[in-house]
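**Student:** Below you'll find the structure I mean.
The values are calculated or read from the model by the stated rules, or taken from the named source; none is laboratory data. The model shown is predicted, which means the values in this text are computed figures rather than measured ones. Note that each Cβ is placed from the backbone with ideal geometry, even for glycine, and that neighbours are counted across all protein chains shown.
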Amino acid sequence: MHTTLISATELMSLQAAGSPLMVFDCTFDLMNPAAGEEQYRNAHIPGAVYASLDTALSDVGVAGPDGKRLHPDAASGGRHPLPSRENFALWLSSVGFANDMQAVVYDRNGANYCGRLWWMLKWAGHDAVALLDGGLQAWQAAGGEVTDRAEVAHFQSNFRLGAPLRELVGADELMKDIRQPTRTVIDARAAPRYRGEVEPLDPVAGHIPGALNRPFSQNLGADGKFKPAAQLKAEFDQLLAGRDARTVVHQCGSGVSALPNAVAMEIAGFAPTALYAGSWSDWCSDASRPVAKG
């Protein structure tokens, strides 16, 4: 079972052995939401299922007289609110994913988006999920086939939720924790956004008071793959500066690019850490919550 990373050659071996397996392409573009699926259609790993951040991995909301609103059972707020675990399980069942399968997730965006599906599967109680290290680029570099064919639909399955394997934290809980403080927040956004110098997506600039900054791209080497475990551990130890790693909560702008940091910490040997899925977009939606800059 692969639970953090899988290499292109390891994936090829699983495919050759006929192991129960489903591959998910999570390619996305925040500025052009239709572009990810178009890239998938033009070139993807044969058999891969497309998992859209907007429709599969977020609560799609419901239209109302005053505009689109979240479903009452959405698991978080923010720009990319988590669907309920039950609705996520329905989507997994609709694409034919079953509890006995190994999931492999990838994108072509430096692991920015596929980490979301990795975390959501863990949250749904499914441990056998791994990121394709280096993404589609590494797959192609290893001689892996890509195709532009339309994939046949899978038979409906009955994915059963298990106890959550990862912790989801909400804004109210985090507010109490940072006042204690009993949590260590790690913000995965680029440094200028963290410092509040620019804010291209949300109405308020800045960061959660006390949050540490580690842009998610720092987890990858020049080859686009995750850095070695020892190097990641040294970097997180330096960032935490003696803080207990077990208290870490990851966040970013909308709960997506925070996940490469969570994956990297597990590669480094740390215990699983928590996610504030609403992230900055949720935090800054309430003017009563404190904001820090600099």
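**Student:** May I ask you to list the residues in the range 120-140 that are under 29 Å from A163 (Cα atoms) and in a loop (DSSP other than H, G, I, E, B)?
**Tutor:** Answer for the range 120-140, where residues must be under 29 Å from A163 (Cα atoms) and in a loop (DSSP other than H, G, I, E, B): A124, G125, H126, D127, A128, D133.
**Student:** Moving on to the next point. Might you check whether a residue that is in a helix (DSSP H, G or I), among the β-branched types (V, I, T) and out of contact with any Lys or Arg (no Cβ under 8 Å at 6 or more places or on another chain) occurs anywhere in the range 19-30?
**Tutor:** Scanning the range 19-30 turns up no residue that is in a helix (DSSP H, G or I), among the β-branched types (V, I, T) and out of contact with any Lys or Arg (no Cβ under 8 Å at 6 or more places or on another chain).
**Student:** Please go through the range 92-115 and pick out each residue that is buried (at least 17 other Cβ atoms within 10 Å of the Cβ) and of a type in the set (A, V, I, L, M, F, W, C).
**Tutor:** L92, V95, F97, M101, A103, V104, V105, A111, C114, listed by residue number.
**Student:** Which numbered condition trips up N112, out of (1) in a loop (DSSP other than H, G, I, E, B); (2) in the same structural domain as D73 (by TED's automatic domain parsing); (3) over 22 Å from D54 (Cα atoms)?
**Tutor:** (3) is the only condition that N112 fails.
**Student:** Let me ask something additional. Could you check the range 226-255 and list, in sequence order, the residues that are buried (at least 21 other Cβ atoms within 10 Å of the Cβ) and among the small types (G, A, S)?
**Tutor:** Answer for the range 226-255, where residues must be buried (at least 21 other Cβ atoms within 10 Å of the Cβ) and among the small types (G, A, S): G253, S254, G255.
**Student:** Shifting gears a bit: Give the residue that is surrounded by the fewest Cβ atoms within 10 Å (Cβ to Cβ), with candidates limited to residues of the range 171-181 that are in contact (Cβ under 8 Å) with a residue 24 or more places away in the chain and either assigned to a helix (DSSP H, G or I) or among the small types (G, A, S) (or both).
**Tutor:** M175
**Student:** Filter the range 190-207 for residues that are in contact with a Pro (Cβ under 7 Å, 6 or more places away or on another chain) and assigned to a loop (DSSP other than H, G, I, E, B); which is farthest from G110 (Cα to Cα)?
**Tutor:** The residue in question is V198.
**Student:** Looking at R69 and the list (1) closer than 21 Å to G253 by Cα; (2) touching a residue at least 24 places away in the same chain (Cβ under 8 Å), which single condition is not satisfied?
**Tutor:** Condition not satisfied by R69: (2).
**Student:** Please go through the range 31-56 and give me each residue that is of a type in the set (A, V, I, L, M), surrounded by fewer than 20 Cβ atoms within 10 Å (Cβ to Cβ) and not in a loop (DSSP other than H, G, I, E, B), ordered by number.
**Tutor:** Correct list: A35 only.
**Student:** Show the residue pairs meeting these rules: Cβ distance below 7 Å; 6+ apart or different chains; first residue within the range 79-95 and at negative phi and of a type in the set (S, T, Y); second residue surrounded by fewer than 16 Cβ atoms within 10 Å (Cβ to Cβ) and not in a helix (DSSP H, G or I).
**Tutor:** S84/D73; S93/Q156; S93/N158; S94/Q156
**Student:** Okay, moving on. Out of G253, G210, I need the residue that is at positive phi, outside any strand (DSSP E or B) and outside the structural domain of T27 (by TED's automatic domain parsing). Which one?
**Tutor:** Of the residues listed, the single one that is at positive phi, outside any strand (DSSP E or B) and outside the structural domain of T27 (by TED's automatic domain parsing) is G210.
**Student:** Hey, can you tell me all the residues within the range 256-272 that are assigned to a loop (DSSP other than H, G, I, E, B) and surrounded by fewer than 24 Cβ atoms within 10 Å (Cβ to Cβ)?
**Tutor:** A268, G269, F270, A271, P272
**Student:** Return the pair list, or none, for Cβ contacts closer than 6 Å from residues in the range 250-278 that are over 23 Å from R195 (Cβ atoms) to residues that are assigned to a loop (DSSP other than H, G, I, E, B) and of a type in the set (D, E, K, R), at least 6 apart or on different chains.
**Tutor:** Partner pairs satisfying both residue conditions: P272/R166; A274/E167.
**Student:** Please tell me if R149 is among the charged types (D, E, K, R) and more than 19 Å from the chain's Cα centre (by Cα).
**Tutor:** In short, yes.
**Student:** Right, something else. Take the residues in the range 182-207 that are more than 11 Å from G253 (Cα to Cα) and buried (at least 17 other Cβ atoms within 10 Å of the Cβ); name whichever of them is modelled with the lowest pLDDT.
**Tutor:** Among residues in the range 182-207 that are more than 11 Å from G253 (Cα to Cα) and buried (at least 17 other Cβ atoms within 10 Å of the Cβ), the one modelled with the lowest pLDDT is R183.
**Student:** Among the residues of the range 148-170, which ones are within 17 Å of V95 (Cβ to Cβ), of a type outside the set (D, E), at pLDDT below 95 and surrounded by 13 or more Cβ atoms within 10 Å (Cβ to Cβ)?
**Tutor:** H154, S157
**Student:** Scanning the range 67-96 for residues that are farther than 11 Å from A277 by Cβ and among the basic types (K, R), which turns out modelled with the lowest pLDDT?
**Tutor:** In this case the residue turns out to be K68.
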